[in-house]
Each structure stands twice: as structure tokens, then as C-alpha cells.
Amino acid sequence: MKTQVCIIGGGPSGLLLSQLLHLKGIDTILLEKHSREYVLGRIRAGVLEHGFTELMREAECGDRMDAEGELHDGFEIVDNGIQHRVDLHKYTGASVMVYGQTEVTRDLYEARDRMQGKVIHNVEDVALHNLKAATPPYVTYRDSSGAQRIDCDFVIGADGFHGPSRKAIPRDVLREYEKVYPFGWLGVLSRTKPVNPELIYARNDRGFALCSMRSQVLSRYYIQVPLSDKAEDWSDAAFWAELKARLPQDVAARLETGPSIEKSIAPLRSFVAEPMRYGNLFLAGDAAHIVPPTGARGLNSAGSDIHYLYHGLIDHYLNGDDTGLNEYSAKALARVWKAQRFSWWMTSLLHSFPDTSEYDRHLQSTEMEYLFSSDAAQASLAENYVGLPF
Ligand code: FAD
Ligand code: DHB
């Protein structure tokens, strides 16, 4: 097979790029390791920044998001029982869209189907070749009918943290930066009314908690847990009791509980790989960088990579100009590191860290006091949360 752009990974990054390029007449083939049902079964991000929603509209995938997603002008931070509101709209004039990654992915798959996009599921042994050779690159894989090969101009590695693309960059070229946190988030999805109209991020001596949502009938809650915990060891009753214990009494009293539809633990990690380009391979999204989920930056950073890559590829194919592709890695990484900084800051502000000193705890409380006594500090939080400009 032959295509212009071979995309590895059928998560939001790969699907969005494939859909955007298709609309500009650029041919793509997308390879995904799992079935569509498996990809849609993963419950992940819930908060989209303005730039991401604009990309969805440009990809002609924004109608259901605009009809069913909820625009939020702010969120709450609770500090050991005391509630504060972060007014995103007041400080930035912008809002965020609460619309689940599952729905984003479903909308993108449906658009790819509508336009007869080439999306191949259940591929195995994906390998990248000739990335920096004089001859064009190609990708090999196996499917139910045997060994396959795709010749292309460019390979896009949008295959998440564990995919093969980043590993195809030689060790002496790639630099990796990593920070692993000593805890994870236990998440529960339940068919219950959200406890609050806006998200609540709660700092508590028992550990962090987050009250989020997918719609007015679907709630998403998280609690910080030690890395040694297993999701199956947490009964629903134990989860609800612990969540309530970390929320202010009035919020806990109105929390509607119910059976969990999904329950899983996500470890918290920060990770950046540099450069994001190697020859004719371009990395995008979680393949190149991971953030702890606290600042809701992961999917949104994937979106900014796709924005830069999309424009670089349009300029290459439609205008014969390679400036955008040549600048891709540096431009994408500049924004990625700002998302890293913000996610690290918000994670440090809100979580309980084992083995911290009294000094560290005092500093965390002082950071919180400063935040809610300073318009400048709240403006800084707000501008990062709604997303820095591309
Ligand atoms: P992925 O979604 O990981 O997609 C990569 C795809 O590549 C997968 O479908 C995978 O199956 C496929 N693949 C892997 N290996 C191969 C292979 N060998 N061959 C072919 N395909 C392969 N971000 C936010 O912005 N806001 C949030 O509120 C938020 N909350 C989160 C909450 C949780 C609990 C978690 C875990 C994450 C959250 N994130 C959030 C992060 C966000 O989900 C990710 O950043 C996002 O999924 C990245 O998209 P991606 O397409 O780059 O990677
Ligand atoms: C959700 C996840 C986050 O990491 C976050 O900061 C906000 C919301 C969510 O899954 O709803």
C-alpha cells in the first residue's frame, strides 16, 4: 500500500490529524493496535481547552460536542474544607468545554467512517523503517491476512506512551526527561448527577480528590491513592466513603452515589522526549510527552502538537514550504514544557506527598493562601488552565 502520511495510533491525536489532513486532500492511512470498542472503552480526559474545540470544529467534528458538551466559566478549589472559586472567564475571557475524550474519539471515528478514511484496527508488530534514509520511509505490520507494508512520505507516531514510534529514534539522539509521582488516581464513573455544577479540585490531609463529570447524568470522580493500591480492592462503598471524607461536609451531604460503571487507577507521571522529529518521523501527543492529569493538559497538549503538525504538513503539500515541519519539534516542545510546568505546579499544590517535612506542608498551605489573596496568581492559574495560545 502507498499513502502520503502513515499515522500510527488511533487515539485522539492520530484520528484528529488524519481527519484534518483528509479535508485538505492529503491521503493518510491510520494503524491502530486495538479494536475500536477497546479504544472507546478507555475513560480518560474530560476537559477541553478552546484551541482543541476549534480543531474539532475545523475537522468537521464539532456538532455533537457543541450540542452536548458543557462550557464551564470556572471551577472550585477546596483547601481542607474551605471553598474558593477560580473564575476562568473573569481572568481570561475564555471557558473550557467539558466533553469526554471517549466522545471526542467516537466523533472522530464516525467522521473517518463517513469520509471512507483508511483506519486499520488490530494491527500487530508495527515497525518503522528508513526514517532518515535517502529513500522514503515505510511501515510494516501484520494483520489477519499476514505481513503488510505501507510506503509513505512521512510517519506520524501518535501511538501513546507505550507505542513503537518513540522507540524507533536512536538512543543517542533521543533525550528523555521523567518524574514519577509516588501515588495514582483511582477514578470512578457513575450514572449519577454531578455533585456540583462546576469541577471541584480538593486538597485534603487524607489526599487529593476531584469531582468531575461527563454530563448531567454521568459523573467522574477521582481520589489520590498509594501506588500499591489495586482498583479491585476498592469496593464502591469504600470509594464513596473516602471521597466524602475529602470533601466539605455540605458537598459530601449532597453527593449522589451509585454503582461504578468503570473503576481504574492511573499512576501519575511527567515525561518529555526530545526531539519530537527524527528524519521523516514526527511524534505527537502521549508518544512524546505525559503529564499528571491534575491540570487537564494531556489531551490538550496532544491537540497543540496536532495543530502545529497539521499546519506544517499543509504548508509542505499545498505550498511547497517546509518551514513549519522544520520548526515543529521546537515549537511543539516550547508549549509542551509550559504544560509540564503547570501540571507539576497544580499537582504539587493539591496532593499529599508521603514523607514531606513540616516545612513543605507549610509552603503548600502558603502557596494556596497566596493564590486566593492575589488576582495575579489566579490570573496565572486561569490562563494556563484554559490553555496558552498555540
Ligand atoms: P492515546 O490516547 O494513548 O492513543 C494512542 C493510540 O495508539 C492508542 O489507541 C493505542 O492503542 C495505539 N497504539 C499503541 N501502540 C500501538 C502500536 N504498536 N501500533 C498501533 N497503534 C498503537 N488530558 C486532558 O487534556 N484533560 C483531562 O482532563 C485528562 N484527564 C485524564 C485522566 C486520566 C485518568 C488519564 C489516564 C489521562 C487523562 N488525560 C487528560 C490525558 C489524555 O487522556 C491523553 O493525553 C490522550 O489520550 C493522548 O492522546 P494520544 O492520541 O496522543 O494517545
Ligand atoms: C478530568 C480529569 C482531569 O485530569 C482533570 O484535571 C479534570 C477532569 C476528568 O476526567 O473529568
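Some points to look at:
- Placing a label point 7 Å from the Cα of residue 375 along the Cα-to-Cβ direction, the residues of segment 76-93 whose backbone N falls under 18 Å from that point are 85-93.
- Solvent-accessible area per residue, Å², over segment 25-147 with all protein chains present [probe radius 1.4 Å]: 47 Å²
- Segment 112-189: trypsin sites (Lys or Arg not before Pro) in DSSP coil with no more than 15 other Cβ atoms inside 10 Å: 132, 171
- Of the accessible area of the chain, computed with a 1.4 Å probe over protein heavy atoms only, carbon and sulfur atoms account for 51 percent.
- Computed over the chain, the per-residue total of -39500 (n - 2.57) for DSSP H runs of n ≥ 4 gives a 222 nm mean residue ellipticity of -11500 deg cm²/dmol, rounded to 500.
- 12 Å beta-carbon shell around residue 225, net charge (K/R +1, D/E -1): +1
- Accessible surface ranking for 262, 176, 1.4 angstrom probe, highest first: 176, 262.
- For segment 275-326 versus segment 76-137, the inter-centroid distance based on Cα atoms is 12 Å.
- Helices meeting the span-like rule in the chain (full DSSP H runs, Cα extent of at least 24 Å along the helix axis, mean Kyte-Doolittle score of -0.5 or higher): 298-319, 323-350.
- Computed 3J(HN,Hα) for segment 215-226, one whole-Hz value per residue from the Karplus formula 6.51 cos²θ - 1.76 cosθ + 1.60 where θ = phi - 60°, is 6, 6, 10, 9, 10, 10, 10, 9, 10, 5, 9, x, glycine and proline marked x.
- For the listed residue pairs 90/331; 2/118; 193/263, the alpha carbons are over 21 angstrom apart in 90/331.
- Accessible surface computed residue by residue for segment 207-340, with neighbouring protein chains in place and a 1.4 Å probe, gives 37 Å² per residue.
- Note, ³J(HN,Hα) from phi for segment 190-195, Karplus 6.51, -1.76, 1.60, rounded to Hz, x at Gly and Pro: 9, 7, 9, 6, x, 5
- A cut-off under 11 angstrom between Cβ atoms defines the neighbours of residue 266, and their net charge, with Lys, Arg +1 and Asp, Glu -1, is +3.
- Calculated from backbone phi, Karplus (6.51, -1.76, 1.60) coupling profile of segment 290-297 in Hz, x at Gly/Pro: 10, 10, x, x, 3, x, 6, 9
- Förster radius 25 Å - calculated FRET efficiency between residue 266 and residue 330, Cβ distance, rounded to 0.05: 0.25
- Distance from the alpha carbon centroid of segment 174-189 to that of segment 1-73 works out to 24 angstrom.
- Restricting the GluC sites (Glu not before Pro) of segment 26-135 to loop positions (DSSP other than H, G, I, E, B) with no more than 15 neighbouring Cβ atoms within 10 Å leaves 60.
The values are calculated or read from the model by the stated rules, or taken from the named source; none is laboratory data. None of the values given here were measured: they were computed from a predicted structure. So basically every Cβ, Gly included, is an ideal-geometry build from the backbone, and we count neighbours across all protein chains shown. Each accessible area value is taken on the protein alone, full model and side chains, heavy atoms only, with ligands, DNA and RNA left out. Shrake-Rupley method; radii C 1.70, N 1.55, O 1.52, S 1.80 Å.
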